[in-house]
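Structure first, commentary second.
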Amino acid sequence: MEQQKIVKPYSANNRMRDIISDNHLILMVMTRFGISLGFGDKTVEEICEETGTHTETFIAVANFISGRPYSLEKVDVASLIDYLKRAHNYFLDFNLPHIRRKLIESIDCSGRDQVAMLILKFFDEYVTEVRNHMEYENQRVFTYVESLLKGEKNPEYNIRIFAGKHHHIETRLKELKDIIIRYYPQQSSDRLNSTLFDIINCEQDLNSHCMVEDRIFVPVVEKVEHLAETVLQYRNETGDDVPANTEADSLSPREKEIVGCVARGMSNKEIADALCVSINTVTTHRRNISAKLGIHSPVGLAIYAIVNKMVDINNLNLE
């Protein structure tokens, strides 16, 4: 029996040019993270650090697009939203207008049967649908998530509402491709075939984009929602809003480090190992932190760290 080949995920230590050679679709991922060409033999991590790109988020999307194992554990929601917004701009401002121009050049809009005009009308209606879809995400969904990252939870909305209504917008583009292939009354031409090729690529790209939203964006936002709900429950039960910056200046840099570690769910031993200090030192610091802030529980310290922007909300797990 033939053994199934194990496909390894890309890592931050891979050279960027190697993973592009392996899968040319990474070029689109790279562009939507704001990474330009001309990076020589540098690794993914080196390039991400130079461009201010969140490395783990890039790796997660690149692996997913390539059908490789991917992890959501360290995906940064803000970086992912920026990636999705750039993708929206690409489709609406460049790719779809480009296809429309090529479509006009490759079909005869002067025919009496008006088939070409109907094809163009079909395409324009589709673009309007895509624009409405993406503007809803930009204005409603991403705004909602950005509020979550500030510790604010809208009780009337959640990411499952979005997921339940989310449909793959490439379907009608596939219909347009089939209509042209089956019914356009003209002999095949290089220009029309080139346009069809662009439509097929756009269809696949849109499908991939929607899958990133379904498989990466939605699960990661659910994690952030869980944390925001924990924050709200804590405040309701204790009546403590943990006011921002009230006592932050009284903490030493080391104490702030320890607050961040506690907020991330680390034990005293894990903190001691990470900071290269003894467990007794960590215990003393935590005692001093509690005395200064009047906060004694790990959840309370996590709330404090979030409100005072001492930790990345994406990296917290209060389950």
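The values are calculated or read from the model by the stated rules, or taken from the named source; none is laboratory data. Please read these numbers as outputs of a predicted model, since none were measured by experiment. Here Cβ is always computed from backbone atoms with ideal geometry, including for glycine, and neighbour counts include all displayed protein chains. These area figures cover heavy atoms from the full protein model, side chains too; ligands, DNA and RNA do not enter into them. Shrake-Rupley method; radii C 1.70, N 1.55, O 1.52, S 1.80 Å.
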Residues of the stretch 61-84 that turn out to be part of a helix (DSSP H, G or I), more than 22 Å from I6 (Cα to Cα) and among the β-branched types (V, I, T), as a count: 2
Filtered residues of the stretch 141-155 (kept if part of a loop (DSSP other than H, G, I, E, B), open to solvent by 30 Å² or more (accessible area, probe 1.4 Å) and not hydrophobic (A, V, I, L, M, F, W, C)): K150, E152, K153, N154, P155
Matching residues, the stretch 105-114, being in contact with a helix residue (DSSP H, G or I) (Cβ under 7 Å, 6 or more places away or on another chain) and either open to solvent by 20 Å² or more (accessible area, probe 1.4 Å) or more than 16 Å from K177 (Cβ to Cβ) (or both): E105, D108, C109
Close pairs from the stretch 4-32: first free of Cβ contacts under 8 Å to residues at least 12 places away in the same chain, partner open to solvent by 70 Å² or more (accessible area, probe 1.4 Å) and among the hydrophobic types (A, V, I, L, M, F, W, C), Cβ under 9 Å, at least 6 apart: L27/L37
The stretch 111-144, residues that are of a type in the set (S, T, N, Q) and at pLDDT below 90: Q114
Residue within the stretch 156-172 that is loosely packed, with under 12 Cβ neighbours inside 10 Å and in a helix (DSSP H, G or I) present: yes
Residue in the stretch 42-60 that is over 28 Å from E225 (Cβ atoms) and outside any helix (DSSP H, G or I) present: yes
Elements of type helices (runs of 4 or more DSSP H) in the stretch 224-319, at least 1 residues being modelled with pLDDT of 85 or more and not charged (D, E, K, R): 253-263, 268-275, 279-293
